Amino acid sequence: MKMAFAIEARRLKKVYDGRTKALDGVDLQVSPSEVFALLGPNGSGKTTLMRILTTQFGPTSGEARNFGLDVVKSGREVRRMIGYVPQETSVWADISGFENLLIYSKIYGVPSSRRRKNIQDALSSMGLDEVATRMVKTYSGGMVRRLEIACALLVKPKILFLDEPTIGLDPSARKAVWENLTTFKKEYGTTVFFNTHYMDEADLYSDEIAIIDRGKIVKSGTPSELKHSLGSEILRFHFNFNHANSNHDGSDGIGEGALVAVKSLGFVRDAVISDSMLDVFVEDGETALPKIVEALITEGASIERISAARPTLDDVFLRYAGNISFGRGGG
Amino acid sequence: MTAKDSLREMFAMIELEMRRLRHDRTEIYTRAVQPILWLAVFGTVMSEVRGIPTGDMPYIDYITPGVLLQSTIFVSVFYGLTIVWERETGILKRLLVAPASRSAVVVGRSIASGVRAVVQALIIFPVAILLGVRFVPNPLYIAAAFLVLFLVSGGFAALSIFVASLMKTRERFMGLGQALIMPLFFASNALYPIELMPPALQRIAVLNPLTYAVDATRGLLISGDLSGLAVDVFAIIVFDVAIFAVASVSFRKIIE
């Protein structure tokens, strides 16, 4: 028998009120002990997917399993082995951090013999030992978030679900959250599934990334696979507005004709127009550049500046989930 | 296993409420002001006027059970606000991902609110004694009255959670909560005997759970007449069971 995935979703669909399609056939696999990042623009279905995986409501069709257990049929068993931190605040501000952990440990059914130890472990995992007795309303945003994660660690979950774990935090608080999480993960081998907007976080901390757009997974792979999928180099052309080709009502004065011409060049992996720039993804920039320039000038474009860069996850995100991408529809 | 999980969650909810109270009791004190004014001003004045026939019972004694109940039910009816707030934050989502059943959230929160309500009544009780209200001098009767108070407050908290699951926003909830509480109080036997009401209002009063709670606590605390107690307690339990069921079912709606 093959090993069960930590998380597995098949043809998952969710339609709200018979109209709004939040998920449109999501297929997804996460291996045990992996850190998995789900990237997507606002309203792409990230949170809906997480709420289904954490058994808050069922899908309209399709199925999802955590370690082989169906999230609908075996919801109770699933809830016993997962930890979940929603995007919004999920601790009580009018009691202390320790009391929050105590109440949550009782709600989650941590046996009384292990309660003190688990609370202590969770506090030190998240670096909160010193502030445990303070009222939560005196905490900083980063401390609140770490306390919320600590609450989810009480049950020593097999999977930890984090919905936008560092949203609204300053860079040093974000770093603290991730450093604590990484240490915890190393110690317990927990599978971590998180939603985020921050590309750098996904790049730095995840083993695997999936990009979701309009309720579908549009691309997945390791961070370096995703970056390489765009070719090894990006040539970025900035155009001169005043002399730009004005035959087309396309975006910001760059003609669609230019885009088509560039894309038809054999060595071009892909090309994307955003604002007044054209990004061309190629393997070998040095030989590609003269031919692209020639094609652009033939189309009447007036180039102001050219720069070259290695693809970042931002480029990957814009390519697969960006709104101005003309390359949509390709795998 | 399910029952155990659910019970544990209910106790955790009660503990949460007690811990919150320990940190901040302001709300309990400020909420005691209005009922104390009802007793001290309205009760005292109407006792002098003797405008409402209450037999041998002084008017202030007559309304004490109703005022105690009103203060506790106030706490319960606005308990839904906590739920609306927890819906806006992530707490409800998180509770749904706990192993206990969803009805345990509703019942647990309702019972927790009942406990808070009893604490509220315990603050008003000594004030009533100071104002000269003569209670039945039997600790068992008084304990039983507080149990009735607890039962009916839990029921109203569940009603409040039910309303919260329909209203979903603070503003709408406040509107309905305010609209609910006064008619509830006036269309009951809290301030005057049912026989004095116009027939239409009498029919409403008979369906009002508060009427039974007032009757039961008045018997236990003031008159010592327990002839209606069995029916009263039965009515309250029917109300509780029904509203817990309805609130548990509708609670699903609040999360989507």
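Each value in this text was obtained by applying a stated rule to the coordinates, not by laboratory testing. Everything quoted here is computed from the prediction, not taken from an experiment. All Cβ positions, glycine included, derive from the backbone under ideal geometry; neighbour counts span all protein chains shown.
For chain A, the percent of C-alpha pairs falling in each 20 Å distance bin, counted from 0 to the bin holding the largest distance, reads 28, 47, 22, 3.
The fraction of all Cα pairs in chain B landing in successive 10 Å bins from 0 to the largest distance is 7, 31, 35, 19, 7, 1, given as whole percents.
The mean number of partner chain beta-carbon atoms within 10 angstrom of a residue's beta-carbon across peptide B:97-107 is 4.
Under a Cβ-Cβ cut-off of 12 Å, what is the net charge of the residues other than A:L313 that fall near it, where Lys and Arg count +1 and Asp and Glu count -1? Write out the running numbers ahead of the final one.
Working: positive: A:K219, A:K227, A:R310, A:R319; negative: A:D200, A:E201, A:D203, A:E225, A:D314, A:D315.
Spelling it out: positives minus negatives among the neighbours equals -2.
Going by average Cβ density within 10 Å per residue, which order do the peptides B:125-138, A:85-98, A:123-136 take, highest to lowest? Walk me through the numbers on the way to the answer.
Numbers: B:125-138: 14.6, A:85-98: 20.6, A:123-136: 17.1.
Averaged packing, sorted descending, gives the order A:85-98, A:123-136, B:125-138.
Helix-only arithmetic for chain B: the sum of -39500 (n - 2.57) across DSSP H runs with n ≥ 4, divided by the residue total, places the mean residue ellipticity at 222 nm at -25500 deg cm²/dmol. Within the shell of other residues whose beta carbon sits under 13 angstrom from the beta carbon of A:A132, the net charge comes to -1, with Lys and Arg scored +1 and Asp and Glu -1. Helix A:171-188 and the longest principal axis of the Cα set of chain A meet at an angle near 60°.
List, in the order given, every pair from A:K21/A:K175; A:K216/B:K4; A:K219/B:K168; A:K21/A:K73; A:K117/B:K168; A:K21/A:K137 whose Cα-Cα distance in the structure shown is over 30 Å.
Details: A:K21/A:K175 35 Å; A:K216/B:K4 40 Å; A:K219/B:K168 37 Å; A:K21/A:K73 23 Å; A:K117/B:K168 38 Å; A:K21/A:K137 38 Å.
A:K21/A:K175; A:K216/B:K4; A:K219/B:K168; A:K117/B:K168; A:K21/A:K137, as the Cα separations exceed 30 Å there.
Remark: spin-label model distance A:M81-A:E225 equals 2.4 nm, labels positioned 7 Å along the Cα→Cβ axis. Hydrodynamic analysis of region A:45-148 uses the Kirkwood radius over alpha carbon pairs. Inserted into Stokes-Einstein at 37 °C and 0.692 mPa s, it gives a translational diffusion coefficient of 215 µm²/s. How much mean residue ellipticity at 222 nm does chain A get from its helices, if each DSSP H run of length 4 or more adds -39500 (n - 2.57) and you divide by all residues, to the nearest 500 deg cm²/dmol? -10500 deg cm²/dmol, from helical runs alone. With respect to chain B, whose longest principal axis is taken over its alpha-carbon atoms, helix B:79-88 is tilted by about 20°.
Take each residue of peptide A:107-115, count the partner chain Cβ atoms within 10 Å of its Cβ, and average: the result is 4. Tilt of helix B:209-218 relative to the longest C-alpha principal axis of chain B, in degrees (0 to 90, nearest 10)? Orientation of helix B:209-218: about 50 degrees from the principal axis. Say a paramagnetic label sat at a point 7 Å from the Cα of A:S276, along Cα to Cβ; which residues of region A:285-324 have their backbone N under 12 Å from it? A:302-305, by backbone N distance to the label point.
Under the simplified labelling scheme, the A:W178-B:F42 pair shows an inter-label distance of 6.0 nm, with each label point 7 Å from Cα along Cα→Cβ.
Normalising the Debye intensity of the protein assembly as shown to I(0), with uniform scatterers on Cα atoms only, and taking log10 at q = 0.06 Å⁻¹ returns -0.45.
A straight line joining the Cα centroids of region B:132-172 and region A:119-197 runs 38 Å. Please give the residues of region A:268-283, grouped as numeric ranges, whose backbone N is less than 14 Å from a label point set 7 Å along the Cα-to-Cβ vector of A:N240. Of the residues in region A:268-283, none has backbone N under 14 Å from the label point off A:N240. In this Cβ point-charge picture (+1 for Lys and Arg, -1 for Asp and Glu), region A:7-226 has a dipole of about 820 debye about its Cα centre.
Positive-end ranking of A:L153, A:F98, A:V85 along the dipole of region A:78-153, with charges on Cβ about the Cα centre, is headed by A:L153.
Averaged over the residues of B:80-87, the number of partner chain Cβ atoms lying within 10 Å of the residue Cβ comes to 1.
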